[in-house]
Amino acid sequence: MEFVSLLLYVCVMCFTPGPNNLMSMYVSVKNRLTKASPFLFGALAGYTSLFALCGLLNLLLAYLVPAVEPFMKWLGVAFMLYLAVTILLSRREASGESAKPFSFLMGFALQYVNVKGWLFGLTVFSTYVTPYFRSVLVILGFALGFSVVTFAASLSWAVFGNVFKSFYDRHFTAFNIFMAVLLVCCAVSVML
């Protein structure tokens, strides 16, 4: 298993801007961290279940169609390269004006419409986990581990909402270049 590549990929995917992190930051900035808690824990429950589902789907595919495994790995590499280009070419988005209450259910539901979450879950399992591990308990353990990292990322964005947003706005281009380069390194290491 390419452990360093896995770690880089998970960190890049979890800590870069996406629906979870931006919503966590927005909710925290607009409503304070204590009022953001239901949303954050809803997101935690949502992506834990999503990662478990993605891992089990990958495991099922690996058992049913072993010939699909190399294709899934290359698909994962292609997605990483696509993300690198997307991050590199992304533009700043304006933040919302009005604060809305965000609930546990909203945090949970966001995960199932979050394309980045689905693609991350499917890619990380097909590229880094199911080629090496076939135990349901191990798959669920990885799902839980990915959830912990994702929660840490969402919580970081929430806790440092104003500070991180200010830093990100000041270093937008450099941050995106750095994240894109890390994704390309992950893709290259998987191909080797």
Checklist entry - With helices defined as uninterrupted DSSP H runs, which ones in the chain have an alpha carbon span along their own long axis of at least 24 Å and mean Kyte-Doolittle hydropathy of at least 1.0? => result 68-89, 136-159, 172-191
Checklist entry - Roughly how big is the chain's charge dipole about its Cα centre, with Cβ charges of +1 (Lys, Arg) and -1 (Asp, Glu), in debye to the nearest 20? => result 440 debye
Next on the checklist: Could you identify which residue out of 122, 89, 144 has the top mean-square fluctuation in a GNM of the chain using Cα springs shorter than 10 Å?
Outcome noted: 89
Checklist outcome for this item: Taking R0 as 25 Å and r as the Cβ-Cβ distance between residue 156 and residue 71, the FRET efficiency 1/(1 + (r/R0)^6), rounded to the nearest 0.05, comes to 0.15
Item to check | Most positive-pole-ward Cα, 160, 145, 113, against dipole of the chain from beta carbon charges | outcome: 160
Checklist entry - Given the C-alpha centroids of segment 1-25 and segment 123-192, what is the distance between them in whole angstrom? => result 2 Å
Checklist entry - What percent do you get for the relative contact order of the chain when only Cα pairs under 8 Å and 6+ apart count? => result 46 percent
Item to check | Peptides ranked, highest mean first, by Cβ atoms within 10 Å: ranges 18-28, 149-159 | outcome: 18-28, 149-159
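Where a number appears in this text, it was derived from the coordinates with a stated rule and is not lab data. Fair warning: this is a prediction, and the values are worked out from it, not measured in the lab. Every residue, glycine among them, receives a Cβ derived from its backbone with ideal geometry; neighbour counts consider all protein chains shown.
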